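Scroll down for the structure; my scribbles are underneath it.
The values are calculated or read from the model by the stated rules, or taken from the named source; none is laboratory data. Here the structure is a predicted model, which means the values were calculated and not measured. These accessible areas exclude ligands, DNA and RNA; they are computed on the full protein's heavy atoms, side chains included. Shrake-Rupley method; radii C 1.70, N 1.55, O 1.52, S 1.80 Å.
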Amino acid sequence: MPATTPPDTPAHAPRGGLRDFYEDPSVPVASGTPRSLAQARMLAAALGPAVTAGPRTVLDIGCGDGTAAATAAPLLTGHRVIGVDWSQDALRRARTRIPHAVRGELADGGLPFRSESADAVLFSEVIEHLVDPDAALDEIHRVLRPGGHLMLSTPNLAAWYNRALLLAGVQPVFSEVSLRGIHGRPGTEVVGHLRLYTARALREFVAASGFEVVRLRGAPFHGVPRPLRPLDRLACAAPSAASILLLHARRPAPPASRTTRRT
């Protein structure tokens, strides 16, 4: 999925650098439906029904082609979902699937939203593309209301098969050493991953960015070969070994003020 804040351009990036890379229509901008559904269910449970809790504003930052937001929409009936992406090509495709999609970046001026204006942020398969994930979470923290929800998903560096691959001296799945081709690992698609997290690292990083971690779950990866998919689903029971990490965090609400009574 394209990063909403394109990373700094490396000296040997292809063609015009990573901006051109993410605008290339051949670069994948959607993730698997099982992950999107699991994340949407977590968000729906956190927000509650719009008829009782009132409509909420959900930003899908790094919405790509809008597939994840469209998958989540039936579970978020009554809530307003706004797709946000840097890539104009991705936004053109997203607007065919979701009613609201706007251009925005996590740097260079920030997201086009007021501080504390969003109730929830979907941040799906984006953080692994960023040079400066700290600034990205700072910006998400800014636009979230106190008590607002962050639903983040990212590939797991310590996925069960990556542990076996490393023992065999093979480059882990999800990691990339080039933007021009796959070298030393299984797979055929170059997607621009720059950073990878284990479950422990993701928890610590999000907490250090000012969020309260509520829950961490595992999800399957749609790219796992079909004969291994039952094993991949079983691994979800142990998030530290799952293919995909699904993290639910909140921006802490300010402490209730105390009134001192004088006698």
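Taking the 1.4 Å solvent-accessible surface of region 97-146 as the whole, the part contributed by carbon and sulfur is 45%. Hydrodynamic radius of region 192-263 by the Kirkwood approach over all distinct alpha-carbon pairs: 14.8 Å.
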